[in-house]
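Structure, as structure tokens:
The values are calculated or read from the model by the stated rules, or taken from the named source; none is laboratory data. Just so you know, these numbers come straight off a predicted model, no measurement behind them. So basically every Cβ, Gly included, is an ideal-geometry build from the backbone, and we count neighbours across all protein chains shown. SASA here: full protein model, heavy atoms, side chains in, ligands and nucleic acids out. Shrake-Rupley method; radii C 1.70, N 1.55, O 1.52, S 1.80 Å.
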Amino acid sequence: MFPHVESFYDPSTGTVSHIVYAGYGAQCAVIDPVLDFDAASGRTSTHSLERLIAFVEERRLEVQWILETHAHADHLSGASALKRRVGGKIGIGRSIVDVRSMFSATFDLTGEHGFDHLFAPDEVFAIGTLQAQVLATPGHTPADVAFMIEDALFVGDTLFMPDVGTARCDFPGGNARLLYASIRRLLALPKAMRVFVCHDYPPHGREARFWTTVGEQRKFNVHVRDGICESDFVERRMARDSTLKMPVLLFPAMQVNLRGGRLPAPDANGLRYLKTPIDDMRFAQKLP
Ligand SMILES: [Fe+2]
């Protein structure tokens, strides 16, 4: 079966959300929805989510799953806000508990994690009549997973489009060697399999694109095409990562995304706050 995939691009964070479904009126999965957030004003909005919700309503879809490929550091998850509007179970790889414990020294992440289902590696599940499988893909973070839904593979932040390459591995718990192994596992899948990315950062002059194939990745990916060995990849990845700053939304994103997309509880004055740790040396190493 070849599921329909509708992709939605958020130009402000470069994030691509996807809706996967068998046909009109079917059950569907929404992958990596975005909650808009303006850091300067502290304002959230569901502008991006409204496009997804309109599509779900227009196709008469029933949201069965809201899937997260990982705890994104570049945007706030729209999972919780989406669930409130259209229902569905929020699912993520079970290693997310390890990421939570890494960040709980910095942020108060005690209490419920906010996800409805933690997927085991290789877990098989259904989206209506579609067969889906979780593939653990650690490297970018320890808790990354890909979702293989029939012939469509949602790779999260492992692979980007072939001319962009791969995701960074310098967040806490990131590991370039693990990412290489995870990617080789994905690229061992059939060449015709469609590969849907979670981000696109199009080089100058190219329009944003959201999918490619395993075969194209093996032939053209600038970081991991066939013939590039692990040590060459790791050397190049680490050299590149050493030049990257921390993402602007890292701290807000961790405080929301590690709660299944829920905002922190309000203070006594009724307002919600996101914290910025000062001189937390685990992050300060990226400063100039
Ligand atoms: Fe990411």
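Inspect the range 174-182 for any residue being among the basic types (Lys, Arg), closer than 21 Å to ARG225 by Cα, touching a Leu at 6+ places or on another chain (Cβ under 8 Å) and not in a strand (DSSP E or B) and give the result as yes or no. Taking every residue of the range 174-182 in turn, none turns out to be among the basic types (Lys, Arg), closer than 21 Å to ARG225 by Cα, touching a Leu at 6+ places or on another chain (Cβ under 8 Å) and not in a strand (DSSP E or B).
Within the range 26-39, is even one residue within 15 Å of the ligand (Cβ to nearest atom), in contact with a strand residue (DSSP E or B) (Cβ under 6 Å, 6 or more places away or on another chain), touching a residue at least 60 places away in the same chain (Cβ under 8 Å) and on the phi > 0 side of the Ramachandran plot? Checked the range 26-39: at least one residue is within 15 Å of the ligand (Cβ to nearest atom), in contact with a strand residue (DSSP E or B) (Cβ under 6 Å, 6 or more places away or on another chain), touching a residue at least 60 places away in the same chain (Cβ under 8 Å) and on the phi > 0 side of the Ramachandran plot.
Residue count for the range 220-237 satisfying the condition of being exposed (fewer than 14 other Cβ atoms within 10 Å of the Cβ) and either in contact with an Asp or Glu (Cβ under 9 Å, 6 or more places away or on another chain) or closer than 21 Å to ASP200 by Cα (or both): 1.
For every residue, the table says whether it meets (1) over 15 Å from VAL34 (Cα atoms); (2) free of Cβ contacts under 8 Å to residues at least 24 places away in the same chain.
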position: ILE66; (1), (2): no, no
position: LEU76; (1), (2): no, no
position: ASP98; (1), (2): yes, no
position: THR106; (1), (2): yes, no
position: VAL124; (1), (2): yes, yes
position: ALA132; (1), (2): yes, no
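Is it true that ASP74 is within 16 Å of the ligand (Cβ to nearest atom), acidic (Asp, Glu) and surrounded by fewer than 23 Cβ atoms within 10 Å (Cβ to Cβ)? When the stated conditions are applied, ASP74 passes them.
Could you say whether any residue in the range 279-288 is open to solvent by less than 80 Å² (accessible area, probe 1.4 Å), part of a loop (DSSP other than H, G, I, E, B), touching a residue at least 40 places away in the same chain (Cβ under 8 Å) and of a type in the set (D, E, K, R)? Yes, the range 279-288 contains a residue that is open to solvent by less than 80 Å² (accessible area, probe 1.4 Å), part of a loop (DSSP other than H, G, I, E, B), touching a residue at least 40 places away in the same chain (Cβ under 8 Å) and of a type in the set (D, E, K, R). At least 1 residues being free of Cβ contacts under 8 Å to residues at least 12 places away in the same chain is the threshold, and among the helices (runs of 4 or more DSSP H) wholly inside the range 184-263 those reaching it are 230-241.
Scanning the range 175-187 for residues that are touching a helix residue (DSSP H, G or I) at 6+ places or on another chain (Cβ under 8 Å) and over 14 Å from ALA146 (Cβ atoms), which turns out nearest to the ligand (Cβ to nearest atom)? The extreme case among them is ALA176.
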